[in-house]
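Quick note: the coordinates plus some simple rules give every number you see, no bench work behind them. What you are looking at is a predicted structure, and each value in this text was computed from that prediction instead of being measured. Cβ atoms come from the backbone with ideal geometry, glycine included; neighbour counts cover every protein chain shown.
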Amino acid sequence: MHAHHQAKASHSSMHFQRFIFVFSFTMMSSLAAYDLLDPNGSINIIWDIMSWKPDGYLATVRISNLQMYRQIRSPGWTIGWTWANKEVIWSMVGAQAIDQGDCSNFKTNIPHSCETSPAIVDLLPGSVPQSQQFPNCCKGGVLGSWGQRDKAATVSWFQVSVGHSGTSRKTVKVPKGFYLLGPGAGYACSSAVVVPPSVFLSADGRRKTRAMMTWTVTCTYSPTLASKNPNCCVSLSSFYNPMITPCSTCACGCKDKHNCSTSYDNQRRDSERSTLLKPNLVMDGETQLLQCTQHMCPIQVHWHFKVNYKKHWRVKISITNFNYWLNYSHWNLVVQHPNLNNVTHVNNFTYKLLPYHPTKMIFGKDEKEFTLDQGWVFPRKVYFNGDECLMPPPNSYPFLPKSPNPIHPLFLLFFLDRGTSALEHTYRHPRDRCQYLFPKQKLCFTTDLSG
């Protein structure tokens, strides 16, 4: 393999190093294609001709997802191109052409595909015996993001036998018009570029072999190419204000508001999902059935500023899936905030501070920066699976209650923390403690100040 493909550097986000916080949880035109979150991220297609045949060649095709946060989810990738001449695909291992095309000119030895512009998809897991699989194939087209731990999940391979083609480096014509769906629109692919042949090491590492010929294609993602509307939204709340700032109305567009569901039973959902996900059905990634909400987003991220301590502050993040037809088996969340370089503890997430340094979500305080004014405690940007979520308008953020004798935020923190510690066994309800400390201030709500 190319060493430079394996050594995907984290410098692509170095200018975000101090400000971006990543959660990941495993359970549950080229110029226009530019992703601000991951400007150097891409999906690379490497086409290696491994041997020549009497009327063509045998090639391996490797698809590598080098995007830090964006994955390709089910129903997976589709790649396509247009042949330069009248090439055909004799056979494939580890993938298949969607359409065989018109092969009526062949009397015997019918090709796998005679399409001028074939569209190729990955095979489903378990669809062929292990002996007929190609290494790193048959994942249903699903590719993990580079930022997650399993690097093998970011790569997909297949083998293709091409006929009616050139039989040497001088006579082979490179395909043109490459495209990638992942699974929907959003990617723009470069023209194929012939590069030095790939080098392969034997299993024992003592022998090198080379491809006969290699070309590469780079596909980059742009949210503007993918969709006119966001796919997620953010809501906000805090302990010092009982009002919740909801996602904006129609944050993700309201085109589905007449087709959404107010009540959707599990039996109907499972029945329709089994129909929707039949192996022979290729979806475009846009099919969804949403729960009826005012924001009409598939994903809502809620940020709750929960507790203020003297030297720390605590946030709770909740993620809700409103798409009945999609179960996010792998996902990641990226948050931009100036204090996320000072996280001391995280629960129920795998925490990564760029560049990747594992650590054990309580924030340490920098008293020169920390403030409750101007919405400072809320995130600047939030991304789910690489897609930027729509934030509510800044003037709707939870605000500090007005009082005739305002208390400086840092001073307030000190007394809340000390008061909580001293009175936690004396007063049974947090509102009692707060009202005891601040009898003339409208600062007392039902949220538990002790965390």
To the nearest µm²/s, what D does Stokes-Einstein give for region 132-182 at 10 °C and 1.306 mPa s, using the Kirkwood radius over alpha carbon pairs as Rh?
114
Point-to-point label distance, Ser91-Arg206, nm (Cα→Cβ direction, 7 Å offset):
3.2
With DSSP loop assignment and no more than 13 other C-beta atoms within 10 Å, the trypsin sites (Lys or Arg not before Pro) in region 181-268 are Arg206, Arg207, Lys228, Lys255, Lys257
So Lys173 and Gln291, fully extended at 0.36 nm per residue minus their Cα-Cα distance, gain in nm 37.5 nm
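Quick one: His304, His345, His295, fewest Cβ neighbours within 10 Å first, how do they rank?
His345, His304, His295
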At q = 0.14, 0.17, 0.23, 0.25 Å⁻¹, what log₁₀ I(q)/I(0) does a Debye calculation on the Cα points of region 167-250 give, no solvent, two decimals?
-0.75, -0.90, -1.08, -1.14
Amide H to amide H, which residues 5 or more places from Asn332 or on other chains are under 5 Å from it, using H placed in the peptide plane?
Asn385
Among Lys170, Lys86, Lys365, what is the fewest-to-most ranking by other Cβ atoms within 10 Å?
Lys170, Lys86, Lys365
For region 61-168, listing chymotrypsin sites (Phe, Trp or Tyr not before Pro) in a DSSP loop whose Cβ sees at most 13 other Cβ atoms within 10 Å gives Phe106
Whether region 33-221 is rounded, prolate or oblate, judged on the alpha carbon gyration tensor where a/c under 1.5 counts as rounded:
rounded
I need Ser222, Ser91 ordered by Cβ neighbour count within 10 Å, fewest first.
Ser91, Ser222
